[in-house]
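Enquirer: The structure follows.
The values are calculated or read from the model by the stated rules, or taken from the named source; none is laboratory data. Computed from a prediction, not measured in an experiment: that's the story for all the values here. Heads up, the Cβs are rebuilt from the backbone with ideal geometry, glycines too, and the neighbour counts pull from every protein chain shown. Areas reflect the complete protein model, heavy atoms only, side chains present, ligands, DNA and RNA absent. Shrake-Rupley method; radii C 1.70, N 1.55, O 1.52, S 1.80 Å.
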Amino acid sequence: MSDPKYRRVILKISGEGLCSSGSSGIDGAELNRIANELKIVADLGVEVGVVVGGGNIVRGSTIAKDSPIEETTGHYMGMLATVINALAVQDTLESLGVATRVQSALEVANVAERFIRRRAMRHLEKGRVVIFAGGTGNPFVTTDTGAALRAAEVRADLLLKATKVDGVYTADPSVDPSATRLDRLTYNQVIDKRLEVMDVSAIDLCQRSGIPIIVLNLRKAGNMRAAVMGEHIGTRISADD
Ligand code: UDP
């Protein structure tokens with residue numbers, strides 16, 4: 001059997017990946033599905049970090065609209081939502097026998113370590129799945145940027161971005177039936193064509209750090225394993241050839 005192509009990967013899961021389609025909150029079946037995929041990859045000996053979103057609970061800009069909540073407060077609420085999700089992912093992974101640590105960019109000492117880069121790298125080397133909560137710790141950005149930041153900081157060699165569809169499409173396939181999937185893109189193409197894959201700051205950071213991104217559907221069993229084995233899955237975003 002061949003070896004995995006990637007040694008250390010960061011997976012970005014949005015909050016909506018943790019709830020059943022069209023709803024909010026956290027769904028046990030979805031958690032189990034994701035944790036099983038992560039376990040398969042961790043069992044290959046690949047070092048895995050997970051950055052969780054919080055949009056299934058709170059999005060800062062949304063909650064601040066038409067409410068007395070200041071937008072900045074809304075963003076902190078969103079970051080706290082990612083801590084809730086991280087704890088859910090942690091317990092699910094541990095129920096499958098996977099060793100984990102949660103590191104948070106926000107101080108929540110009772111439930112998570114604070115993010116310390118060198119400690120995170122040590123956990124990864126020891127085979128623990130590190131779940132990064134709290135995004136970047138700063139308001140007005142998203143966990144996509146947090147994922148790119150952590151990937152660069154821990155020197156990951158791949159960033160996986162889980163989405164509801166099989167990769168990046170020419171248009172939204174749920175709206176436009178003629179939309180086609182793009183197999184490969186360069187960082188510059190994503191930025192220039194304003195493709196809504198991840199925040200521009202996240203793409204830019206991956207470009208500067210030379211970290212390829214694979215956009216894939218985590219709802220299809222085996223996709224994450226296939227990606228780390230180097231099989232062509234979803235859409236790969238990397239430097240110009
Ligand atoms: N957030 C933030 N700073 C960060 C990461 C997240 O302020 O570094 C807030 C922001 O309000 C965001 C919310 O947390 O809307 C939830 O994160 P995100 O929208 O990235 O979650 P996802 O869409 O991935 O579920």
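Enquirer: Can you name the number of the only condition in (1) open to solvent by 30 Å² or more (accessible area, probe 1.4 Å); (2) away from the ligand (no atom under 16 Å from the Cβ); (3) of a type outside the set (Gly, Ala, Ser) that residue 57 fails?
Expert: (2)
Enquirer: Among the candidates 144, 183, 204, 172, single out the residue that is surrounded by fewer than 22 Cβ atoms within 10 Å (Cβ to Cβ), among the acidic types (Asp, Glu) and under 17 Å from the mean Cα position of the chain (by Cα). Show your work before the answer.
Expert: Values: 144 fails: surrounded by fewer than 22 Cβ atoms within 10 Å (Cβ to Cβ); 183 fails: under 17 Å from the mean Cα position of the chain (by Cα); 172 fails: under 17 Å from the mean Cα position of the chain (by Cα).
Checking each option against the conditions leaves just 204.
Enquirer: Can I ask one more? Please verify whether residue 34 is closer than 29 Å to residue 155 by Cβ and among the β-branched types (Val, Ile, Thr), treating the condition exactly as stated.
Expert: Working: closer than 29 Å to residue 155 by Cβ: yes; among the β-branched types (Val, Ile, Thr): yes.
It is true that residue 34 is closer than 29 Å to residue 155 by Cβ and among the β-branched types (Val, Ile, Thr).
Enquirer: Also, I was wondering about something else. Which one of these is of a type in the set (A, V, I, L, M, F, W, C), modelled with pLDDT of 95 or more, over 24 Å from residue 141 (Cα atoms) and open to solvent by less than 10 Å² (accessible area, probe 1.4 Å): 41, 51, 9?
Expert: On the way: 51 fails: over 24 Å from residue 141 (Cα atoms); 9 fails: over 24 Å from residue 141 (Cα atoms).
From the options 41, 51, 9, the qualifying one is 41.
Enquirer: Any residue in region 88-104 that is within 12 Å of the ligand (Cβ to nearest atom) and touching a Ser or Thr at 6+ places or on another chain (Cβ under 9 Å)? I'd like the intermediate steps shown before the answer.
Expert: Pass one, region 88-104, residues within 12 Å of the ligand (Cβ to nearest atom): 104.
Checking which are touching a Ser or Thr at 6+ places or on another chain (Cβ under 9 Å) leaves us with 104.
Yes: region 88-104 contains one or more residues that are within 12 Å of the ligand (Cβ to nearest atom) and touching a Ser or Thr at 6+ places or on another chain (Cβ under 9 Å).
Enquirer: Give me the pairs, please: first residue somewhere in region 222-241 and in contact (Cβ under 8 Å) with a residue 12 or more places away in the chain, second residue anywhere and among the small types (Gly, Ala, Ser) and in a loop (DSSP other than H, G, I, E, B), beta-carbon distance under 6 Å, and either six or more positions apart or on two chains.
Expert: Taking only residues 6 or more apart or on different chains, the pairs are 234/167; 235/167.
Enquirer: OK, next. Residues in region 154-167: is at least one modelled with pLDDT under 95, away from the ligand (no atom under 12 Å from the Cβ) and more than 23 Å from residue 27 (Cα to Cα)?
Expert: Within region 154-167, one or more residues are modelled with pLDDT under 95, away from the ligand (no atom under 12 Å from the Cβ) and more than 23 Å from residue 27 (Cα to Cα).
Enquirer: Within the set of pairs 6+ apart or on separate chains, which have a first residue in region 83-103 that is of a type in the set (Asp, Glu), a second that is modelled with pLDDT of 95 or more, and C-beta atoms under 6 Å apart?
Expert: Listed by first residue and then by second, the contacts come to 94/100.
Enquirer: Could you check region 1-44 and list, in sequence order, the residues that are more than 19 Å from residue 167 (Cα to Cα), touching a Gly at 6+ places or on another chain (Cβ under 9 Å), within 15 Å of the ligand (Cβ to nearest atom) and aliphatic (A, V, I, L, M)?
Expert: The one that is more than 19 Å from residue 167 (Cα to Cα), touching a Gly at 6+ places or on another chain (Cβ under 9 Å), within 15 Å of the ligand (Cβ to nearest atom) and aliphatic (A, V, I, L, M): 26.
Residue-by-condition table, conditions (1) of a type in the set (Val, Ile, Thr); (2) open to solvent by less than 10 Å² (accessible area, probe 1.4 Å); (3) closer than 18 Å to residue 13 by Cα; (4) touching a strand residue (DSSP E or B) at 6+ places or on another chain (Cβ under 8 Å):
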| residue | (1), (2), (3), (4) |
| --- | --- |
| 84 | yes, no, yes, no |
| 95 | no, no, no, no |
| 104 | no, yes, yes, yes |
| 130 | yes, yes, yes, yes |
| 138 | no, no, no, no |
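Enquirer: Please tell me if residue 209 is of a type in the set (Ser, Thr, Tyr), over 30 Å from residue 71 (Cα atoms) and touching a Pro at 6+ places or on another chain (Cβ under 9 Å). So that I can check it myself, show each step before the final result.
Expert: On the way: of a type in the set (Ser, Thr, Tyr): yes; over 30 Å from residue 71 (Cα atoms): yes; touching a Pro at 6+ places or on another chain (Cβ under 9 Å): no.
So residue 209 does not fit the description; no.
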